[in-house]
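To start, the structure itself, in structure tokens.
The values are calculated or read from the model by the stated rules, or taken from the named source; none is laboratory data. Note that the structure is a prediction, hence the values are computed from the model and not measured. Virtual Cβ from ideal backbone geometry, glycine too; neighbours counted across all protein chains shown. When the accessible area is computed, the model is the full protein with side chains, heavy atoms only, and any ligands, DNA or RNA have been set aside. Shrake-Rupley method; radii C 1.70, N 1.55, O 1.52, S 1.80 Å.
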Amino acid sequence: MIERNAIFIAGHSRSGTTVVNNILKAHPEIAGGHQTRLFRHFFEMMQYSETRNKERGIYSFHKDTLFLYELIKKFVNEYYGAFTRRENKRFFVERTPSQELSLPLIKYCFPNAKIIYCLRDGRDVWLSHRELSRHDPAWKAAAILQDVAKTWGESVNICFDQQDFDSNQFLIVCFEEIMAEPEKCVDRILHFLDSGLAKMAAEQFLKIIKNNANVERFTEYDPGFPHKWKTHMSDSEKQVYKKISGKELIRAGYEQDLNW
């Protein structure tokens, strides 16, 4: 059943979701494609429709959550099932940044899915957003310090709560760990998914990580290098981030207190 062979990659944007996705796609038993954003679209559609109809005082079948969830479940199971069968693979992986916001819907549709959350120091996440906006105008709207700090903190709380609830289904993978000890990290990911997957040569995975476009995208600045925030964030930026998501930095293990 496709329900038992589903892998979802979540995590704040600029946190290493592309790296993990590319690693898993390289495995001969895992089918992977581009991010579909299906669950994000469904989640946002339900929120938007409910809000608009509530404002207008009209009924919407989006209120019948269970009915709608069942329709979505049938659709996504057929969608990913057809994709996996076409690729003649045993598993499929879906990577969409911030889809941890849709976890209730994902878990309803795929109750046995394995979910990997990509965690990265939120201050380096901010630097990556800031630098990318200088090279790509499409990112300018997303490069607002207060917004990045807020959404990163919310994402961290959602996923640590989820891991505390069910560590067998949910795995947190640190970007810094992937960069420092890629072979060890990849082995941990594959054993979490299925012990039978951990047979692929580590060299192939290491090559993928080394050639990852997100790690060395620009010549003047390396947004993928860990701990850049220490030298590339201004004091005022640090204070803003500390005020908004300082507690989440502690919860995620990046700091022991607010004295940084």
### Query
Roughly how many percent of the accessible protein surface of segment 78-180 is carbon and sulfur, given a 1.4 Å probe and a whole-percent answer?
53
### Summary
Residues meeting the amide H criterion for Ile172 (H placed from the backbone, H to H distance under 5 Å, 5 or more places apart or on another chain) are Tyr117
### Task
First check a/c for segment 107-174, with a ≥ b ≥ c the square roots of the eigenvalues of its C-alpha gyration tensor; if it is under 1.5, answer rounded, and if not, answer prolate when a/b is larger than b/c or oblate otherwise.
prolate
### Task
Treat each spin label as a single point 7 Å out from the Cα along the C-beta direction, and report the Ser236 to Glu181 distance in nm.
4.0
### Query
Ranked highest first by average number of other Cβ atoms within 10 Å, how do 183-194, 12-23 line up?
12-23, 183-194
### Summary
Any residue on another chain or 5+ positions along whose placed amide H is under 5 Å from the amide H of Phe8 is listed here as Glu94, Lys114, Ile115, Ile116
### Task
Multiply the residue separation of Gln169 and Met45 by 0.36 nm, subtract the distance between their alpha-carbon atoms, and state the gained length in nm to one decimal.
42.0 nm
### Task
Could you run the Karplus curve 6.51 cos²θ - 1.76 cosθ + 1.60 with θ = phi - 60° over segment 151-162 and give me ³J(HN,Hα) per residue in whole Hz, x for Gly and Pro?
5, 5, x, 5, 4, 4, 5, 4, 7, 5, 4, 5
